[in-house]
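Q: Take this structure, written in structure tokens, and hold onto it; I'll ask about it next.
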Amino acid sequence: QALPCGFSTTDVNADDNTWEARATVPTQTNPNLPVGNGGSGNAMVYFYNEDGTTPANDWFYTPALRLTGGRAYRLSFSYRSSGTSYREGLEVKYGAAATPAGQTNTLFTNTNITNAAYAPAAGVTDITPATTGTYYIGFHATSPADQFFLAVDDVVVTEVLASSAALTRALSVYPNPSNSGQFNLEVRGA
């Protein structure tokens, strides 16, 4: 399937295995296992190289994001692998270009992804660019050779509304994200 609008990939190790938008993945027990979070839709999926010696070194990038210098933005996403038999690795960075060299700021690293069900990424560093400009978020498959698949879904970037603990407790926006464009803003103790 075609990549989502504005997404791009880089096959650094030039092995012709790279990230793709997929609705299913083939397994021995189910040749059309749904891979989207919740059992439907597409996810970005990286499949291993069957030569048994080439580790993953492949990126996918979000569309260009116009970010304001000094403001904080929060990235959320979910990820999964085929399970405990195959250890996958993922690094997430952001930078000024949709290239490996352009990804200069690390947001997330996990070299031991073994969950067969989607899990929300924990410990993702907020994005706080120094200057206003165009930025890209890069998802880098770093799995060892001869693993199986790594899937990423539900990628969302939101601006952080509060920057202090007191303000975070006082303000709440929900649902976040809003599928309808409508949301509630709750202010407590102001």
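Q: At q = 0.13, 0.14, 0.18, 0.29 Å⁻¹, what log₁₀ I(q)/I(0) does the stretch 57-113 have when each alpha carbon counts as one equal point scatterer in the Debye sum?
A: Log-scaled intensity ratios, in q order: -0.42, -0.48, -0.74, -1.40.
Q: Given bins 10 angstrom wide, list per bin the percent of all Cα-Cα distances in the chain, short to long.
A: In order of increasing distance, the bins hold 9, 33, 34, 17, 6, 1, 0 percent.
Q: Take each of the peptides 172-178, 93-99, average the number of other beta-carbon atoms within 10 Å over its residues, and list them starting from the highest.
A: Packing proxy ranking, top to bottom: 93-99, 172-178.
Q: For F148, what is the net charge nearby, where nearby means another residue's Cβ is under 13 Å from its Cβ and Lys, Arg count +1, Asp, Glu -1?
A: Working: positive: R80, R87; negative: E50, E88, D146.
Summing Lys/Arg as +1 and Asp/Glu as -1 gives -1.
Q: Given the Cα atoms of the stretch 32-144, and with Rh set as the inverse mean 1/r over their pairs in the Kirkwood sense, what is Rg to Rh to two decimals?
A: 0.99
Q: What whole-number distance in Å separates the alpha-carbon centres of the stretch 79-115 and the stretch 123-147?
A: Cα centroid to Cα centroid, the span is 7 Å.
Q: Cβ under 15 Å from A119's Cβ, A119 left aside: what net charge do those residues give with Lys, Arg +1 and Asp, Glu -1? Don't skip to the end; give the middle numbers.
A: Values: positive: R80, R87; negative: E88, D153, D154.
Summing Lys/Arg as +1 and Asp/Glu as -1 gives -1.
Laboratory data are not the source of any read-out in this text; all were calculated from the coordinates shown. What you are looking at is a predicted structure, and each value in this text was computed from that prediction instead of being measured. Virtual Cβ from ideal backbone geometry, glycine too; neighbours counted across all protein chains shown.
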